[in-house]
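Here's the structure, in structure tokens; my notes come after.
The values are calculated or read from the model by the stated rules, or taken from the named source; none is laboratory data. Because the structure is predicted, anything quoted here is derived from the model rather than measured. For neighbour counting, all protein chains shown are included, and Cβ atoms are generated from backbone atoms with ideal geometry for every residue, glycine included. Areas reflect the complete protein model, heavy atoms only, side chains present, ligands, DNA and RNA absent. Shrake-Rupley method; radii C 1.70, N 1.55, O 1.52, S 1.80 Å.
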Amino acid sequence: MRRLKCEKETIILTNEDDGFYDVYTFNQSLQKRLRAFAEKYPDDCWLKGASEDGSETYMIRKGRLSLNLRPPYSKDRIHKATERIIEEQKEQSKDS
């Protein structure tokens, strides 16, 4: 059965008593990263199971997985970055 994109979830489950995260995902990029991590650190991460529909579930030791929350860029930072890119493009076109 083919799934819609909105049905292809990534779910991270844990509880306060357990020392592991249970990561269920359809995301191919995340699967690839977890697979590589599991190969390199088999005591900290391993494939728990895979399904025919393309999902994989990994167990990963707490402390090995983090969420990185990033605040949005300020308008000033966006403006300065845009100006820098335009200047670099002008320099490259002069050199060509």
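Kindly check whether there is at least one residue in region 41-58 that is among the small types (Gly, Ala, Ser), modelled with pLDDT under 95 and either surrounded by 10 or more Cβ atoms within 10 Å (Cβ to Cβ) or in contact with a Cys (Cβ under 6 Å, 6 or more places away or on another chain) (or both). Steps first, answer last, please.
Kept after step one, since they are among the small types (Gly, Ala, Ser), are these residues of region 41-58: 49-51, 54-55.
Keeping just the survivors that are modelled with pLDDT under 95 gives 51, 54.
Right, trim to either surrounded by 10 or more Cβ atoms within 10 Å (Cβ to Cβ) or in contact with a Cys (Cβ under 6 Å, 6 or more places away or on another chain) (or both) and you get 51, 54.
Yes, that holds for at least one residue.
Determine whether region 75-92 contains at least one residue that is among the aliphatic types (A, V, I, L, M), open to solvent by 90 Å² or more (accessible area, probe 1.4 Å) and over 19 Å from the mean Cα position of the chain (by Cα).
In the first step, residues of region 75-92 are kept if they are among the aliphatic types (A, V, I, L, M); the result is 78, 81, 85-86.
With the extra rule that they be open to solvent by 90 Å² or more (accessible area, probe 1.4 Å), the set shrinks to 85.
Applying the additional criterion that residues be over 19 Å from the mean Cα position of the chain (by Cα) yields 85.
Checking region 75-92: at least one residue is among the aliphatic types (A, V, I, L, M), open to solvent by 90 Å² or more (accessible area, probe 1.4 Å) and over 19 Å from the mean Cα position of the chain (by Cα).
Looking across region 29-40, just one residue is open to solvent by 60 Å² or more (accessible area, probe 1.4 Å) and either touching an Asp or Glu at 6+ places or on another chain (Cβ under 9 Å) or modelled with pLDDT under 95 (or both), and that is Arg35.
From the set of residues in region 1-41 that are in contact (Cβ under 8 Å) with a residue 24 or more places away in the chain and of a type in the set (Lys, Arg), which is farthest from Asp53 (Cα to Cα)? Step by step, filter region 1-41, then rank; the result is Lys8.
Listed conditions (1) under 28 Å from Arg2 (Cα atoms); (2) surrounded by 10 or more Cβ atoms within 10 Å (Cβ to Cβ) are all met by Leu65, apart from (1).
For Leu67, the criteria (1) touching a strand residue (DSSP E or B) at 6+ places or on another chain (Cβ under 9 Å); (2) at pLDDT 95 or above; (3) not charged (D, E, K, R) hold in every case but one, which is (2).
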